[in-house]
């Protein structure tokens, strides 16, 4: 039982951004008391059904924000098969340290998550880690071959909440069309990794002046956008439910905006690194800037932020993609794509968007908790009375340098390494259970 | 670099002129004429000195000796020890030194290492019959068994002192100074 | 003017004065090439490793010759025979070289940035012998040397670079350097091989060779990789040759005593006609000679002084 006092609750699901006190009982929110008014001892005891105050843990959150736990619909936990990069336990630790109480684990493991047994394995490993809620994403096609569909209904029964071949774009339009049709049986969104391989070619960063200057092969923006257009049209035609992963071009934003106007069931996410870094930041010998889709140009970045603010783009997601140091310590073209995102993403966006007045905290939480929970029909996303107590106590003044030693993730491939950021979660609860306190994971390693 | 203080003037313009005159005569006298003689100046200040010797000999013998320029940087034995890497200049010896008597000209003879490098450089250009050395100043402190055949002036120095040769072709003045 | 660089990776970090220092030093080195005894004691006891991950007999031989004339010991880190094929990473290779106290590494690699990667790992100097589509500074410097020998200075000179600009590290380094030296550069090629992002070089670009020829002091043809046709970047050698192949007739339109350069190896009859390549205007063979002199100068500037390994 928990009594949270004096916090600034940001909960767009209830339309609250105000001073508040909360009572937590049996893993659920028992009461939210809004405004300056304090709960009396009697009210607390009565609500929680206890006789003495010493049975209740109390946290004074003066000067801190309380958010509903963040929901990240795009992480790669690499288990099974590539546990040297990350596993579900280390990934879960990274998640809660970053303020995420729910994550969607992508299916591009080895083997790919294309059977119910594998879906259940991922879900169980998540439960064993006992930190964040780990929701498996099932593959769209068997073995990511882009041809035969998986047993989506069975995968859903095993715990899959969405389907995706993320990591690869589904090249055949007909396969995508059929997948959107078939997935209607489940009601789950299809997460589309939009990348036309013939356009992306052997590219390693966004095509433009920066790629030309560095002599790196470029990926044109169209490699993403043409497939966003295709999938929007297919979703419209089939009435399927599509979610566009990692939108990174202004053209994709235009297409999604139009598709929404047309009533197409489409949602989209943006990765923090696409909002914070551009192709001009890419350095030849720092492969932590190598990511797919590649870092966009300034205009794209402005369009992405605008799209988030006007509701065209629905949510933020990290695309947490850990890789080993050895894999990344290679010439740029030879290193794998991916940025390790979970532990620096919230602080980085807080510092660069919220503190600079480009985004309100309420919007940030809507994009990273409420909207993703709604779209993927997950628990959480709001702290209404009766909701699970997935919560983040956030210290907007906490400053911390991102270091290899401090990261709970097995990998260090983040462009924010050795940089100091401001604004970090200091306490995280999942279903009322404290899992992170003072930037340290609570409980067993 | 600390500024050196001039201690005193060792030679003035007249002194330099007389020394060059004498060396020029000695070269012709010692070699019994000018046949087979070539002049090679060591960059930087050996070059104008060699040019002056060439002009003097032209005056009194009416023979213009071939003149070459030697840059010895690539032959120095202290390259890996000195901090400021010397800029290399072109070596210009537009004639064969095969079988010739080479008069090597430099401004100051000190440790002998520059001359050693010059000898190596010369031998890479061909096989002269003889090499003789002419210097304006010999200040002692040899570290190698090298001696000059023609010397403008012998100046006993301490190793803390510096001899500065100024020639009008390169510098703003015409004098030899002892600096400390 | 002092040389302050541990490595030569590209021309971005070199000032016009530093480029001139290289060219001036190369002039002295060129004299050595014509001596009966082409051997200097300058780099006695220094060790140089050549690591060529891409085949290039001419560039490798040029570096090797330059190093040997300067008296250095040269190790050919033969990629075919080394552990590279067993999957050793560039990082481990770098550590191995470091352990052997190599003074200078000359690397050619298909990945852009490979030389910079190595330079960051090594105390030894690194010369980029060509990395991906990024840079080929020694080729550019030997081209500048060749031009300077003819012209004395670069101001007011017009240089056309013709061909596959997109994939050419030679074109990139040349354009960057020539701009610094004050020459006017025009990049010419078909739109597929001259994409808009080449604007980063800050020089004029054109699809039309004929209209740029008048007044050109130098025309450089780039080697056309024939496999680009299979990738759909140009339709046929026939059409390429008609539009961008250099011939005596086309070069006559410059109205000047234009010099013709080519980094080699030549595709005769594709980017350059045989009679032009062998004409008096062609300085292609001089480029090869000058390549040795320029590389001698660079090696001297990088490791002629205090050893990086010792420091």
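For the reader, a short list of remarks on this structure follows.
- Restricting attention to segment C:281-311 and to residues that are assigned to a loop (DSSP other than H, G, I, E, B) and either under 15 Å from residue C:247 (Cβ atoms) or in contact with a strand residue (DSSP E or B) (Cβ under 6 Å, 6 or more places away or on another chain) (or both), the residue that is modelled with the lowest pLDDT turns out to be C:308.
- Screening residue A:100 against (1) surrounded by 24 or more Cβ atoms within 10 Å (Cβ to Cβ); (2) touching a helix residue (DSSP H, G or I) at 6+ places or on another chain (Cβ under 6 Å) leaves a single unmet condition, (2).
- Tabulated pairs, segment A:2-16, first on the phi > 0 side of the Ramachandran plot, second not in a strand (DSSP E or B), C-beta under 7 angstrom, 6+ apart or interchain: A:6/A:61; A:6/A:62
- Considering segment A:301-375, the qualifying helices (runs of 4 or more DSSP H), each wholly inside and each with 2 or more residues that are within 14 Å of the chain's Cα centre (by Cα), run over A:345-349, A:361-365, A:371-375.
- Members of segment C:4-22 found to be within 12 Å of chain B (Cβ to nearest Cβ) and either within 19 Å of the chain's Cα centre (by Cα) or surrounded by 21 or more Cβ atoms within 10 Å (Cβ to Cβ) (or both), listed by number: C:5, C:17, C:18, C:20, C:21, C:22
- Residue satisfying condition, being within 14 Å of another protein chain (Cβ to nearest Cβ) and crowded, with 24+ Cβ neighbours inside 10 Å, within set A:331, A:322: A:331
- Test: residue C:173 is modelled with pLDDT of 95 or more, surrounded by 18 or more Cβ atoms within 10 Å (Cβ to Cβ) and closer than 25 Å to residue A:208 by Cβ: yes
- The condition (being in contact with a helix residue (DSSP H, G or I) (Cβ under 7 Å, 6 or more places away or on another chain) and away from every other protein chain (no Cβ under 13 Å)) is satisfied by just one residue among C:138, C:96: C:138.
- Test: residue in segment B:51-69 that is surrounded by 18 or more Cβ atoms within 10 Å (Cβ to Cβ), assigned to a loop (DSSP other than H, G, I, E, B) and within 14 Å of chain C (Cβ to nearest Cβ): no
- Condition check for residue C:149: closer than 20 Å to residue C:286 by Cα, away from chain A (no Cβ under 14 Å) and assigned to a loop (DSSP other than H, G, I, E, B): no
- Of all the listed residues (B:89, B:8), the sole one being in a loop (DSSP other than H, G, I, E, B) and in contact (Cβ under 8 Å) with a residue 40 or more places away in the chain is B:89.
- Just one residue in the set C:192, C:205 is in a strand (DSSP E or B) and either without any contact (Cβ under 8 Å) to a residue 12 or more places away in the chain or over 15 Å from residue C:263 (Cβ atoms) (or both); that residue is C:205.
- Between B:43, B:113, B:76, the distinction of being within 30 Å of residue C:302 (Cβ to Cβ), touching a strand residue (DSSP E or B) at 6+ places or on another chain (Cβ under 8 Å), touching a residue at least 24 places away in the same chain (Cβ under 8 Å) and surrounded by fewer than 22 Cβ atoms within 10 Å (Cβ to Cβ) belongs to B:43 only.
- Any chance residue A:219 is touching a helix residue (DSSP H, G or I) at 6+ places or on another chain (Cβ under 6 Å), in the same structural domain as residue A:308 (by TED's automatic domain parsing) and within 25 Å of residue C:111 (Cβ to Cβ): yes
- Only listed residue being surrounded by fewer than 16 Cβ atoms within 10 Å (Cβ to Cβ), modelled with pLDDT of 95 or more, within 28 Å of residue A:327 (Cβ to Cβ) and not assigned by TED's automatic domain parsing to the domain that holds residue A:327, chosen from A:420, A:408, A:437: A:420
- Qualifying residue in segment A:81-93 (condition: crowded, with 24+ Cβ neighbours inside 10 Å, under 14 Å from the mean Cα position of the chain (by Cα) and touching a residue at least 60 places away in the same chain (Cβ under 8 Å)): yes
- Residue among A:66, A:22, A:45 that is surrounded by fewer than 20 Cβ atoms within 10 Å (Cβ to Cβ) and either over 30 Å from residue A:107 (Cα atoms) or within 26 Å of the chain's Cα centre (by Cα) (or both): A:45
- Of all the residues in segment B:121-153, those that are part of a helix (DSSP H, G or I) and surrounded by fewer than 16 Cβ atoms within 10 Å (Cβ to Cβ) number 1.
- The residues listed here are C:251, C:260; of these, the one that is modelled with pLDDT of 95 or more, buried (at least 20 other Cβ atoms within 10 Å of the Cβ), assigned to a strand (DSSP E or B) and at negative phi is C:260.
- Residue in segment C:157-168 that is assigned to a loop (DSSP other than H, G, I, E, B) and more than 29 Å from residue C:58 (Cα to Cα) present: no
The values are calculated or read from the model by the stated rules, or taken from the named source; none is laboratory data. Just so it is clear, the structure is predicted and the values come from calculations on it, not from any experiment. With ideal geometry, Cβ positions are generated from the backbone for all residues, glycine too; neighbour counts draw on all protein chains shown.
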